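Heads up, the thing below is written out as structure tokens.
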Amino acid sequence: MMSSKLNWINPVMEKEFRLRMRTIRSPISILVYLLAIGLIALGFAYINMNNQQAGILNTARSSDFFYFLSATQLVLIAFMTPGLTAGVVSGEREKQTLNMLLTTQQSSATIILSKLFASLSFMLLTVIASMPLYSIVFLYGGVSPKQLLAVFVFYVFVMLLFGTVGIFFSTILKKTVISIIATYGFVLFIFGFTALAGLFFGNIGRNGMNQETLGYFLSFNPMAVLISLMVPDFAKELFKGHKLLQMWHIFIAAYTIISIVLLWLSVRYLRPTKKWRK
């Protein structure tokens, strides 16, 4: 029985699960997350209901509520995920337990993937715990289950992306603080720079804004891709010449390649390399 268990959960992952889930900080973190997103969502609904003459939330406002709630959750994911993953390897190095971990029978790939999935499991649990808030949207209508499923799948991919980036910087950088700063820098880069670069290069020329150029840059922006999943006409407006092209196609393809490369580099540089002298 024990051997079959270890085939699914190796010792590294089991240790990470126990350290993260058996402390008082885990339920408190989930509670604070739910309180934050719940208060923001209910505040938005309250303001919009007061603006209506009948004091109700109609179907159109329900769609706006779904868009606002989804965008808020994406921001919180981008804020929390680097903090969960950017110190998993550098923290072991600072506690001087990394060398002991490397002497075990676990391979470098097993160590990296175990720490990644154990870290993201907490974030995934937090996002799943927020699903009852979306019942407000289905209560008033205006949003299909397909849209909700697409948004949650997108959340999982974004968590994997930011988690991979955090693991990479945590592996190649020795200090946890520097690793966290570098990971947040990457997050700010793809949220801010891609939008600004799209506006800049889209305005180059004499014919006004080039919508297609803007669309290609925004396809690397998580918030813009989330909007395109909730409002499909947003992508169609940008890619008028390519009716079948969607922003999430470019986003998934590009960042999947980047994530695989970063994971390979993390596995490659986890163990010290030999330096040969002439």
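The values are calculated or read from the model by the stated rules, or taken from the named source; none is laboratory data. Quantities reported herein were computed from a predicted structural model and do not represent experimental measurements. So basically every Cβ, Gly included, is an ideal-geometry build from the backbone, and we count neighbours across all protein chains shown. Heads up: the accessible areas ignore ligands, DNA and RNA and are worked out on the full protein's heavy atoms, side chains in. Shrake-Rupley method; radii C 1.70, N 1.55, O 1.52, S 1.80 Å.
For Met247, work out the one condition from (1) open to solvent by 40 Å² or more (accessible area, probe 1.4 Å); (2) of a type in the set (A, V, I, L, M, F, W, C); (3) within 17 Å of Ala195 (Cα to Cα) it doesn't fulfil.
For Met247, the exception is condition (1).
Scan segment 154-176 and give yes if some residue there is without any contact (Cβ under 8 Å) to a residue 12 or more places away in the chain and surrounded by fewer than 14 Cβ atoms within 10 Å (Cβ to Cβ), otherwise no.
no
Restricting to segment 60-110, give me the number of residues that are over 21 Å from the mean Cα position of the chain (by Cα) and either open to solvent by 10 Å² or more (accessible area, probe 1.4 Å) or at pLDDT 85 or above (or both).
24
Just one of the numbered conditions (1) open to solvent by less than 60 Å² (accessible area, probe 1.4 Å); (2) free of Cβ contacts under 8 Å to residues at least 40 places away in the same chain; (3) farther than 17 Å from Phe79 by Cα is not true of Ile204; which one?
(1)
Does Ser114 count as hydroxyl-bearing (Ser, Thr, Tyr), open to solvent by 40 Å² or more (accessible area, probe 1.4 Å) and more than 30 Å from Phe66 (Cα to Cα)?
no
Tally the residues that are within 22 Å of Ser219 (Cβ to Cβ), open to solvent by 50 Å² or more (accessible area, probe 1.4 Å) and under 18 Å from the mean Cα position of the chain (by Cα), restricting the search to segment 127-153.
Residues in segment 127-153 being within 22 Å of Ser219 (Cβ to Cβ), open to solvent by 50 Å² or more (accessible area, probe 1.4 Å) and under 18 Å from the mean Cα position of the chain (by Cα): 2 in total.
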